[in-house]
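Participant: Right, I'll just put the structure down here and ask away after.
The values are calculated or read from the model by the stated rules, or taken from the named source; none is laboratory data. Predicted model, so just to flag it, every value in this text is computed and none were measured. Cβ atoms come from the backbone with ideal geometry, glycine included; neighbour counts cover every protein chain shown. Each accessible area value is taken on the protein alone, full model and side chains, heavy atoms only, with ligands, DNA and RNA left out. Shrake-Rupley method; radii C 1.70, N 1.55, O 1.52, S 1.80 Å.
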Amino acid sequence: MRWTRTLVTTLRDDPQEAEIASHKLMVRAGLIRKLSGGLYTFMPLGLRALQKVAQIVREEMNRAGAQEILMPALQPAELWERSGRLAAMGPGMFKLRDRAERLMALGPTHEEVVTELLGGEVSSYRQLPCTVYQIQTKFRDEIRPRFGLMRAKEFIMKDAYSFDTSLEAADASYQAMYDAYTRIFKRCGLDARAVEADTGDIGGKWSHEFMVLADSGEDGVIDCPVCGYAANQERAERKVAEANETCGAVEEIATPNVRTIDDLVAFFACPAERFIKTLVYVADGKPVVALVPGDRDLNEHKFKRLLGAKKLELADDATVQQVTGAPVGFAGPVGLAVPVYADQSLKGAAGRITGANKADTHITNVDLTRDATVAAYEDLVIVGGGDMCPRCGKPLQVKRGIEVGHVFKLGTKYTEAFDAAYLNAEGQRELMVMGCYGIGVTRTLQAVIEQCHDADGIAWPVTVAPFAVTLLLLDPKDAAVCEVVDTLERELQAQGIDVFTDDREERPGVKFKDADLIGCPIRVVVGAKGLAKGGVEIKLRTSKDVAIVPVADAAADIVARIRAMRQD
């Protein structure tokens with residue numbers, strides 16, 4: 001392909017709205033163009049790279065035994081009502097009405113649709129296991145689209161769904177997808193790591209996220225460098241010792257306008273961990289309380305999972321007043337009539353300071369065992385660096401990651417809602433057991449760039465580069481130079497090598513800069529001066545070394561280099 005016949009425009013300056021390197025480079029290299037917030041057009045170079053990522057995904061899904069289908073993006077909203085997720089997804093789902101005033105939704109995912117489908121297609125255990133997948137556009141009304149393709153309103157995802165006869169069989173399907181994901185990200189040139197994760201609105205008992213570690217990542221990843229334990233910060237656990245403390249009698253202290261932990265630390269002149277935060281929430285319409293140490297934050301994902309709640313939100317001021325009898329800032333666990341759950345680190349805690357459930361008042365010497373009724377002590381806080389690993393007890397680290405894939409064990413959450421059953425060997429009806437598996441194809445493409453770039457531009461892995469070779473024609477009016485370029489193009493293309501020839505009448509410096517910006521794995525320079533010295537220049541994008549190779553040997557040399565890259 002020739003530059004002068006291709007819609008490629010590079011930019012010298014970073015776009016104003018771009019915050020991270022990969023977003024800046026995708027725009028500057030002419031891979032994407034913004035239509036609106038969270039909406040992007042893929043330009044020719046970007047689409048070529050995207051198609052290569054999708055092809056890797058497709059090949060590994062097929063290799064794992066999955067069958068490709070394609071489901072509608074537009075879905076009847078009643079399917080989501082049957083699963084209970086129409087309300088749970090809330091404003092994050094695009095909804096519309098057709099001309100018959102029937103409520104419809106643009107699919108953010110397809111659990112409901114595929115369960116309805118398989119429930120009608122599968123009737124016997126002989127048809128199971130069955131795994132289907134699609135690569136399709138998804139829609140989510142992000143409240144704050146950002147980072148380019150990382151958090152967009154429209155994106156391309158591979159979503160797969162497995163159906164099995166038992167939990168044990170479902171585990172095998174889960175492992176097959178897990179292994180396929182490992183191969184996919186390796187083939188894309190990504191250093192991705194599987195971490196334990198929260199199941200969120202998808203549901204199910206267990207899941208893993210595949211994270212690309214990067215400073216720009218939106219997700220916190222908890223990592224143990226000793227035993228290898230890794231989890232998304234939403235899911236991560238920690239090991240704690242029981243407090244086993246003692247104290248004297250409770251004492252009221254007047255604390256006018258002292259509401260926040262910072263205020264309390266200054267007022268009482270003691271560290272934040274000696275206080276207990278009393279947090280009032282509403283879970284599925286009913287008030288409930290969580291207790292965490294004053295220096296920690298509640299992990300709402302853990303709390304919601306513990307309660308088995310479909311909806312969890314922080315109580316408003318009126319509800320706090322109703323539950324505690326005090327304004328916000330003076331709540332405490334003593335004497336509450338609603339369910340109270342405490343973080344596990346507070347088991348045996350005494351001598352702590354809490355709100356007195358009375359305006360402008362706190363109490364000291366609180367012993368939770370003696371003075372409060374706690375329904376359960378559970379792991380409720382956000383795990384941070386320095387906390388103890390739940391497996392080996394060594395200090396944990398916090399890193400940042402970009403989620404590129406997620407695998408879930410769903411169980412019968414959806415098959416029960418849609419009565420998706422099969423007849424077993426004895427002729428009895430049983431619910432199918434499900435798993436679901438997503439890869440953000442567009443996000444994976446950008447994650448490659450986030451992990452594979454330098455100060456000059458993108459440095460594509462050969463497997464997903466829009467072209468394997470950038471061929472720079474330095475003297476477009478020199479017939480001898482043009483003949484060498486034409487010959488190299490034909491020889492490489494005959495070997496199945498993608499070649500992008502920069503045949504513009506531009507200065508060599510401009511072509512070199514654009515070649516580095518676009519980032520194809522191999523740069524080949526053909527010019528009159530080079531030919532006079534005996535050959536063409538061949539340089540890897542990730543190396544400073546330049547080789548002068550005779551014209552007759554150039555194609556073979558390039559093919560050998562590409563094959564070596566693909567074997568790495």
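Participant: Pop out the ³J(HN,Hα) list for region 162-170 in order, Karplus 6.51 cos²θ - 1.76 cosθ + 1.60 with θ = phi - 60°, rounded to Hz; leave Gly and Pro as x.
Facilitator: Couplings: 10, 10, 9, 8, 7, 5, 5, 5, 5 Hz.
Participant: Return the subset of Lys52/Lys186; Lys138/Lys409; Lys477/Lys539; Lys95/Lys158; Lys304/Lys413; Lys158/Lys186 for which the Cα-Cα distance in this structure is over 19 Å, preserving the input order.
Facilitator: Long pairs (Cα-Cα over 19 Å): Lys138/Lys409; Lys477/Lys539; Lys95/Lys158.
Participant: Can you tell me the relative contact order of region 251-378? Whole percent, Cα pairs under 8 Å, sequence separation 6 or more. Please list the in-between numbers first.
Facilitator: Numbers: 263 pairs, mean separation 35.9, N = 128.
The value is 28 percent.
Participant: If amide hydrogens are placed 1.01 Å from N in the peptide plane, which non-local residues have theirs closer than 5 Å to the one on Arg2?
Facilitator: Residues meeting the criterion, in which the H sits 1.01 Å from N, are Thr501.
Participant: Ignoring ligands, DNA and RNA, what percent of the accessible area of the chain is carbon or sulfur (1.4 Å)? Write out the running numbers ahead of the final one.
Facilitator: Working: 12500 of 25460 Å².
Heavy-atom surface of the chain belonging to carbon and sulfur, 1.4 Å probe: 49 percent.
Participant: Next question. Which FRET efficiency value, to the nearest 0.05, do you get for Ile253 and Asp317 by plugging their Cβ-Cβ distance into 1/(1 + (r/R0)^6) with R0 = 22 Å? Could you put the intermediate results ahead of the total?
Facilitator: On the way: r = 23 Å, r/R0 = 1.05.
Once rounded, the FRET efficiency stands at 0.45.
Participant: Something else about it: Using a 4.7 Å cut-off between beta carbons, which cysteines in the chain end up with no partner cysteine at all?
Facilitator: Cys130, Cys188, Cys247, Cys270, Cys436, Cys452, Cys482, Cys520
Participant: Between Glu237 and residues 5 or more places away or on another chain, which pairs have amide H atoms under 5 Å apart, with H built 1.01 Å from N, and which residues are they?
Facilitator: none
Participant: So what are the ³J(HN,Hα) numbers for region 243-258, from phi and the Karplus equation (6.51, -1.76, 1.60; θ = phi - 60°), rounded to whole Hz, Gly and Pro as x?
Facilitator: Taking θ as phi minus 60°, the curve returns 5, 6, 10, 10, 6, x, 6, 5, 9, 7, 10, 6, 9, x, 6, 9 Hz for region 243-258.
Participant: Let me ask something else. Residue by residue, what Karplus-based ³J(HN,Hα) values in Hz, rounded to whole numbers, does region 359-368 have, using 6.51, -1.76 and 1.60 with θ = phi - 60° and x for Gly and Pro?
Facilitator: For region 359-368, the Karplus curve yields 4, 6, 9, 10, 10, 10, 6, 7, 10, 4 Hz.
Participant: Further question: With contacts defined as alpha carbon pairs under 8 Å and 6 or more residues apart, what's the relative contact order of the chain in percent?
Facilitator: On the way: 1229 pairs, mean separation 93.3, N = 568.
For the chain, the relative contact order is 16 percent.
Participant: By DSSP, what percent of the beta bridges with both residues in region 467-567 are antiparallel, rounded to the nearest 5?
Facilitator: Working: 8 of 17 bridges.
Taking every DSSP beta bridge within region 467-567, about 45 percent pair in antiparallel fashion.
Participant: Given the C-alpha centroids of region 471-519 and region 405-456, what is the distance between them in whole angstrom?
Facilitator: With region 471-519 and region 405-456 each reduced to a Cα centre, they are spaced 43 Å.
Participant: At a 10 angstrom cut-off on C-beta neighbours, averaged per residue, how do the peptides 144-150, 462-468, 284-290, 156-162 rank from highest to lowest? Before the final figure, lay out each step's value.
Facilitator: Details: 144-150: 20.4, 462-468: 23.7, 284-290: 17.6, 156-162: 25.9.
Highest mean packing first, the order is 156-162, 462-468, 144-150, 284-290.
Participant: Which peptide among 305-311, 1-7 comes first, and what is the full order, when sorted by highest mean count of other Cβ atoms within 10 Å? All intermediate terms of the calculation are to be shown ahead of the outcome.
Facilitator: Details: 305-311: 15.0, 1-7: 13.3.
Ranking the peptides 305-311, 1-7 by packing returns 305-311, 1-7.
Participant: 7 Å from Cα along Cα→Cβ at both Val398 and Thr260: what's the point-to-point distance in nm?
Facilitator: Using points 7 Å along Cα→Cβ, the separation is 1.8 nm.
Participant: Of Ala331, Asn299, Pro287, which is farthest towards the positive pole of region 216-356's charge dipole, taken about the Cα centre with +1 and -1 on the beta-carbons of Lys, Arg and Asp, Glu respectively?
Facilitator: So the residue we want is Pro287.
Participant: What is region 467-567's relative contact order, in percent, from Cα pairs under 8 angstrom and six or more apart in sequence?
Facilitator: Details: 154 pairs, mean separation 30.5, N = 101.
Value for region 467-567: 30 percent.
Participant: For helix 111-121, what angle does its Cα long axis make with the longest principal axis of the chain, in degrees from 0 to 90 and rounded to 10?
Facilitator: 80
Participant: In degrees from 0 to 90, rounded to the nearest 10, what is the angle of the helix 441-451 Cα long axis to the longest principal axis of the chain?
Facilitator: 80
Participant: Going by amide H atoms built from the backbone, whose H comes under 5 Å of the H on Ile69, apart from near neighbours?
Facilitator: It is Tyr133, Gln134, by chain and number.
Participant: Tell me the angle of helix 551-567 to the major Cα principal axis of the chain, expressed in degrees between 0 and 90 and rounded to the nearest ten.
Facilitator: 20
Participant: How far apart, in nm, are the 7 Å Cα→Cβ label points at Ala552 and Leu423?
Facilitator: In this crude label model, Ala552 to Leu423 measures out at 7.4 nm.
Participant: Where does the chain land at 222 nm, in deg cm²/dmol rounded to the nearest 500, when only DSSP H runs of n ≥ 4 count, each adding -39500 (n - 2.57), divided by all residues?
Facilitator: Values: 16 runs with 165 residues, N = 568.
Calculated at 222 nm, the ellipticity per residue is -8500 deg cm²/dmol.
Participant: If r is the Cβ-Cβ distance from Glu505 to Gln567 and R0 is 35 Å, what FRET efficiency results, to the nearest 0.05?
Facilitator: Numbers: r = 38 Å, r/R0 = 1.09.
The calculated FRET efficiency here is 0.40.
Participant: So how far, in whole Å, is the C-alpha centre of region 51-68 from the one of region 349-377?
Facilitator: Here the two parts' Cα centres lie 56 Å apart.
Participant: Is the C-alpha gyration tensor of region 251-378 telling us rounded, prolate or oblate? Criteria: a/c under 1.5 is rounded; beyond that, a/b larger than b/c is prolate, otherwise oblate.
Facilitator: Details: a/c = 1.69, a/b = 1.36, b/c = 1.24.
Verdict is prolate for region 251-378.
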